[in-house]
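Single-structure report; data block below.
FYI, it's all coordinate maths here, none of it is from the lab. Since this is a predicted model, take the numbers as computed values, not measurements.
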Amino acid sequence: MTLTRGARITGTVLCSVLALMVVGWVVRDVRAVSEPLDLLRYWAGYADARPDALPATSQSDLVLCTVYVFAAVAALRSSVAASALVATGLVTLLLRLPGVWGVGASWMDGRYADELRTRALIGTFVALAAALALVVTGAAGRGQPVDFYEPRPTRPGPGASAVAFLMLGAAGAVMIAWEIRQLLTYPSSVYPDWFIGGPGIRMELTDAPPGWTNATVALLCLVVAVSALAHAVHSRTLGVIVAGFVLTAGSLGIARALHHHLLENFGELGTELQLTMLSWCFLAVAGAASLIALARRGFEDVPAGPQQGYGYPQGGAPGYGYPQGGAPGQGPGYGYPQGGGFGPPPPSSPPPGW
């Protein structure tokens, strides 16, 4: 199954709308802070990042914007356009959903202006509607290939599937382990805010709570790992998106470690902080390896061959005057017995006097 032309155009428009919404918020943040580098430091999570105004975006918005751009291009040209649109819509739904109750919550009072919160709430509903439309477009807009030469959706090969299973599966397990650790260390009054938002944690206007984002990415990692074993088509597109989030999380963690000179004093750090830094390094490696493996072109499903369709007779069907299977001597067959014996072959040339 491939994506129809109308569905491709619709998916491209929806991805473009989502990308433009993120770009608009990033432009707002660049204008609000004194220096653009302050916004990058804030996204990276530097402890000494002090922008003049509180940004409304986070590093997740940067990853999502990149996903929207590539999904828009894939919708027009790629053979995996259907799964790309569904995966993009699914990730958007999961990461934008907390904005429904978070943007207008009372604990957001004083962090952002009311006018900005109103715009963010409207944008949240628009993003959710566009994401749902992406899922419907990718699922319902599929059709049979027009001709034999049209590219079919590609599946990850054995090597890419193995890399995705090992790397993303382990990355998901590591992230879940740290979330369990948070459950044991955070006070009971703060831990719910870590997942659904609250006054006890830092949450950007357009972003999901940290625990929600981590749990979502971790679960999607496990889904991709299992799907890769079955060589599912969606494991390529969803895996690339999830690998992008994993790579970003690990890379920014390493950047924080370098900025605060933690690597230089690694031996003097506590065990938990050492494990945290090792986890950042592993996430960066796992994300990069999975991204490279799954972004490579996969293997197409083998379409119906000459014996099945496209004007050729199927196996077991009569054609070109040759007899059908059956018991010897049963039924008419143009003068030749059917089944056990084919009888004398047809003459190669007409008999004399024909």
Practice prompt. Rounded to the nearest Å, what's the spacing between the alpha carbon centres of the range 13-32 and the range 190-232? Just the number, please.
Written response: 22 Å
Worksheet item: Hey, any idea what the orientation-averaged projected area of the convex hull of the range 49-130's Cα atoms comes to, in nm²?
Response: 6.4 nm²
